[in-house]
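Below is one structure, written out as structure tokens; comments come after it.
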Amino acid sequence: MNDIILHHYPLSPFSEKVRTTLGLKRLAWRSVDVAPLPPRPLLAALTGGYRRIPVLQVGADIFCDTNAILPALERLQPGPTLYPNGCEGLARGMAFAWERQVWIPTIGVLVHYIGDALPPEFIKDRKEGYLGIDISKAAMAPDLAHHRQVLQAQYAWLRQAVEAAAARGHDYLFGSTPSVLDLACWQTTSLLRKNAPPEVDALVGLQGLEAWYGRIAAIGHGRHTALSPEEALAVAQAARPVPVTHLRPDGDPGGLQPGTPVTVTPDDNARVPVSGTLVAASASLVVIHRNDPQAGDLHLHFPRLGFDVMPA
Ligand SMILES: N[C@@H](CCC(=O)N[C@@H](CS)C(=O)NCC(=O)O)C(=O)O
């Protein structure tokens, strides 16, 4: 098997979800540190323009979005499973909903504390190339009360769920190992707990979650060694995409046939269309082929939910 390569940067909590999954599954991996804001030209050659972080690479297979990355890691290393006690449907659905609901409120609360330290070019990039909103402290301030209410409501439910799991003897939401839902809830929490002062716990209602949070934090990131972007590109150039066996060629829920030219575009933010031809799909994943002048033949893997897959 080719090395597992993660393109990421330390502050990124979605990357932290993947790093922790790699640690949980005791996988060895190669770490490509990318800049916290574009340009990232060598990564763009691999992703066809998909701009968000993290991106997972295995040879010439490129996995965009954590909702495609975690299932890929589950296939590569099934144990310990990210779906303990048959929770896959519930945990994947709730994880998607959690991240969609709490991401902007989490940023709103974070910039209340650290907004003044964010460089203007970072704020400009996040507005123009990512979220489409001004995340400076001043611009987010009018929504702080609303963002706190959203987080307090969500964390009250999370605390109830963690307490109910503990009453059943479970350290995590669905069993004795973390599920994708634990990891999704934990990664957004980690953005606040690692970067805001301790008073943030009371502000958004994190009290009572400390033990659950600490158990996931203690998992760590597994064994990793550094790789340069140039080396990662060379790995893709030397590799061939792995034939897709986990999805049906005719499995596209919209009836698109393999070989159809398509674009795949995030439906929430950083809405850069990636072009290729459809290889295979299911209701939850889609794989496209693209030939890149620098990287060669690639398979790009995306989640289905959260992306528009359109005939080109
Ligand atoms: N749904 C995506 C969200 C990823 C995301 O929003 N990542 C942030 C960093 S944590 C990002 O890409 N920010 C803009 C950037 O780094 O260019 C996923 O699950 O991977």
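Derivation of every value follows stated rules applied to the coordinates shown; laboratory data play no part. These figures come from a predicted structure and were not determined experimentally. Here the Cβ is made from the backbone with ideal geometry for all residues, glycine too, and neighbour counts use every protein chain on show.
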For this session: Place the peptides 231-237, 219-225 in order of packing, highest mean first, counting for every residue the other Cβ atoms within 10 Å and averaging per peptide.
Result: 231-237, 219-225
Seminar exercise, completed: Scattering profile of region 260-299 from the Debye formula, Cα beads only, expressed as log10 I(q)/I(0) at q = 0.23, 0.29, 0.31, 0.34 Å⁻¹, is -0.83, -1.05, -1.08, -1.11
For this session: Give the angle, between 0 and 90 degrees and rounded to the nearest 10, that separates the Cα long axis of helix 229-238 from the longest principal axis of the Cα atoms of the chain.
Result: 40 degrees
Exercise. Which order do peptides 255-268, 179-192 fall in by mean Cβ count within 10 Å, highest first?
Worked result: 179-192, 255-268
Exercise. On a 0 to 90 degree scale, rounded to 10, what angle separates helix 180-195 from the longest Cα axis of the chain?
Worked result: 60 degrees
Seminar exercise, completed: Restricting to aspartates and glutamates and to Cα separations under 19 Å from K25, and discarding same-chain partners fewer than 8 apart, the set is D3, E16, D65, E74, E88, D171, D182
Seminar exercise, completed: Here the percent of antiparallel bridges among DSSP beta bridges lying wholly in the chain, to the nearest 5, is 75 percent
Seminar exercise, completed: So the angle from the long Cα axis of helix 144-167 to the longest Cα principal axis of the chain, reported in degrees to the nearest 10, equals 90 degrees
For this session: Considering the convex hull of the alpha carbon atoms of region 63-189, report its projected area averaged over all viewing directions, in nm², one decimal.
Result: 8.9 nm²
For this session: Work out, step by step, the length gained on full extension between E231 and N2: first 0.36 nm times the residue separation, then minus their alpha carbon distance; give nm to one decimal.
Result: 81.1 nm
Exercise. Net charge near G255, counting Lys/Arg +1 and Asp/Glu -1 over other residues with Cβ under 14 Å of its Cβ?
Worked result: 0
Exercise. At q = 0.09, 0.13 Å⁻¹, what base-10 log of I(q)/I(0) does the Debye formula yield for the chain when every alpha carbon is treated as an equal point scatterer in vacuo?
Worked result: -0.45, -0.97
Exercise. Near K124, which lysines are there with a Cα under 29 Å away, not counting those fewer than 8 places off in the same chain?
Worked result: K17, K137, K194
Exercise. What percent does the relative contact order of region 1-113 come to when contacts are Cα pairs within less than 8 Å and at least six residues apart?
Worked result: 27 percent
